[in-house]
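The values are calculated or read from the model by the stated rules, or taken from the named source; none is laboratory data. None of the values given here were measured: they were computed from a predicted structure. Cβ coordinates were reconstructed from backbone atoms using ideal geometry, including for glycine residues, and neighbour counts include every protein chain displayed.
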Amino acid sequence: MKILFSFFIAAFLIKTGSIVHAQDVVLPLYQGPIPNSNGTVISEKVMKQDITRIGSVQVPDMAIYLPSKRSATGQAVIICPGGGYHYLAYDWEGSDIARYLNSIGVAAMVLKYRLPVYGNVVEPHKVPLMDAQRAMRLVRFNAARWDINSQKIGVMGFSAGGHLASTLGTHFDQGNPTATDSVERMSCRPDFMILMYPVISFTDSFTHKGSRDALIGKHPDDKMTTLYSNELQVTKDTPPAFLVHSGDDKAVPVENSLLMYQALLAQNIPAEMHIFPEGGHGFGLNLGNDHVNSWANSLRLWLAWMNSRQVVDK
């Protein structure tokens with residue numbers, strides 16, 4: 001059973017080696033008042049059917065999964081489950097993926113981020129990114145304690161979680177050097193992105209309308225639409241990416257990944273893309289289809305390649 005620790009207690013236990021199974025640790029993202037909260041108290045909803053879905057997140061957190069020291073590569077990945085910004089597919093695109101990453105020596109953090117549709121935040125479009133930025137700062141702050149290389153921390157997202165991951169990869173900062181909170185002094189730039197059948201563009205006819213409406217409203221202005229169309233936000237400082245999509249995805253068309261891939265290439269940013277003719281949307285690890293599931297081994301090889309590159313802290 002997962003145990004909720006305060007940030008400082010959990011950090012102390014991990015540092016001193018008192019925690020054997022780090023996947024049992026859940027860290028809240030914030031100490032004290034949660035920023036951009038309007039004070040409305042809602043009950044978190046956990047729906048367990050074929051997969052576990054979490055809605056109406058009140059207190060954002062991240063579950064920590066660490067590999068054995070013997071197999072650890074020094075890399076870490078913050079995982080953003082999908083769910084159209086309405087819920088989080090928490091096990092299918094979260095904890096199941098974390099366990100796979102641990103099996104190949106990569107630390108993983110499953111992010112339970114706030115959602116913009118439940119009326120408990122001041123500025124709905126800001127909260128998913130705010131939580132993802134905070135998660136990246138926390139992992140970087142704790143990198144030494146968790147045997148992680150602070151310059152090898154990536155973000156992974158599925159569907160709308162892929163939109164959040166690509167938003168983090170295109171809307172980051174280097175931290176606030178004058179912040180009283182030492183976590184806020186950390187950079188929130190991911191060192192790489194893993195984008196799984198991601199929502200990318202909000203401007204074109206092939207966007208996922210449900211995700212767009214949930215995040216920026218049904219009638220957003222052009223400025224907001226452009227801001228969250230992440231293929232338009234790629235710069236020379238955007239991190240390398242690994243993309244996976246299926247050509248028969250009817251929910252989030254493959255054009256989303258194609259646009260992102262082209263934008264990365266235009267900036268000479270290393271990118272690898274795998275497009276499968278089948279798989280539909282939301283296939284996760286898809287252990288029932290060896291063809292589609294081959295993305296996991298391709299990711300293993302790509303992460304090893306990334307690990308061998310000289311990483312420059314930007």
Notebook entry, point to check: In region 119-174, how many residues are farther than 20 Å from P240 by Cβ, in contact (Cβ under 8 Å) with a residue 12 or more places away in the chain, hydrophobic (A, V, I, L, M, F, W, C) and assigned to a loop (DSSP other than H, G, I, E, B)?
Noted result: 2
Check: In region 242-283, which residue that is polar (S, T, N, Q) and touching a His at 6+ places or on another chain (Cβ under 9 Å) is farthest from L299 (Cα to Cα)?
Finding: N256
Notebook entry, point to check: So M193 clears everything in (1) at pLDDT below 95; (2) touching a strand residue (DSSP E or B) at 6+ places or on another chain (Cβ under 7 Å) except one condition, right? Which one?
Noted result: (1)
Next item on the list: Could you tell me which of the residues M62, M47 is in a strand (DSSP E or B) and exposed (fewer than 15 other Cβ atoms within 10 Å of the Cβ)?
Entry: M47
Note to self: Can you tell me which of (1) part of a loop (DSSP other than H, G, I, E, B); (2) on the phi < 0 side of the Ramachandran plot; (3) within 13 Å of the chain's Cα centre (by Cα) is the one R70 doesn't meet?
What the structure shows: (3)
Checklist line | Selection count, region 198-225, where residues are closer than 17 Å to Q262 by Cβ and at pLDDT 95 or above | finding: 5
Next item on the list: Looking only at region 164-178, decide whether some residue is under 30 Å from R70 (Cβ atoms), of a type outside the set (S, T, Y) and surrounded by 20 or more Cβ atoms within 10 Å (Cβ to Cβ).
Entry: yes
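So that you can scan it fast, the table gives a plain yes or no per residue for (1) over 24 Å from D191 (Cβ atoms); (2) surrounded by fewer than 21 Cβ atoms within 10 Å (Cβ to Cβ):
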{"site": "G247", "(1), (2)": "yes, yes"}
{"site": "K250", "(1), (2)": "yes, yes"}
{"site": "E255", "(1), (2)": "yes, yes"}
{"site": "N268", "(1), (2)": "no, yes"}
{"site": "E272", "(1), (2)": "no, yes"}
{"site": "E278", "(1), (2)": "yes, yes"}
{"site": "F283", "(1), (2)": "yes, no"}
{"site": "H291", "(1), (2)": "yes, yes"}
Next item on the list: Residue by residue through region 136-147, note down the ones that are buried (at least 22 other Cβ atoms within 10 Å of the Cβ) and touching a helix residue (DSSP H, G or I) at 6+ places or on another chain (Cβ under 8 Å).
Entry: M136, R137, L138, N142
Margin query: Can you tell me which residue is surrounded by the most Cβ atoms within 10 Å (Cβ to Cβ) among those in region 228-237 that are within 21 Å of R212 (Cβ to Cβ) and not aliphatic (A, V, I, L, M)?
Written below: N230
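Can you confirm whether A108 is modelled with pLDDT of 95 or more, over 24 Å from S150 (Cβ atoms), crowded, with 22+ Cβ neighbours inside 10 Å and not aromatic (F, W, Y)? Full working, then the answer.
Working: modelled with pLDDT of 95 or more: yes; over 24 Å from S150 (Cβ atoms): no; crowded, with 22+ Cβ neighbours inside 10 Å: yes; not aromatic (F, W, Y): yes.
No: the conditions fail for A108.
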Next item on the list: Quick one: H86 ticks every box in (1) farther than 21 Å from N286 by Cα; (2) under 14 Å from the mean Cα position of the chain (by Cα) except a single one, so which number is it?
Entry: (2)
Checklist line | Members of region 140-151 that are more than 15 Å from P67 (Cα to Cα) and touching a Ser or Thr at 6+ places or on another chain (Cβ under 8 Å) | finding: R140, F141
Notebook entry, point to check: If you take just the helices (runs of 4 or more DSSP H) that sit entirely in region 184-288, which of them hold at least 3 residues that are touching a Ser or Thr at 6+ places or on another chain (Cβ under 9 Å) and hydrophobic (A, V, I, L, M, F, W, C)?
Noted result: 255-266
Next item on the list: Pick out the one residue from D248, D221 that is of a type in the set (D, E) and touching a strand residue (DSSP E or B) at 6+ places or on another chain (Cβ under 9 Å).
Entry: D248
Next item on the list: Kindly provide the set of residues from region 10-44 that are surrounded by 10 or more Cβ atoms within 10 Å (Cβ to Cβ), modelled with pLDDT under 55 and among the β-branched types (V, I, T), ordered by number.
Entry: I14, I19
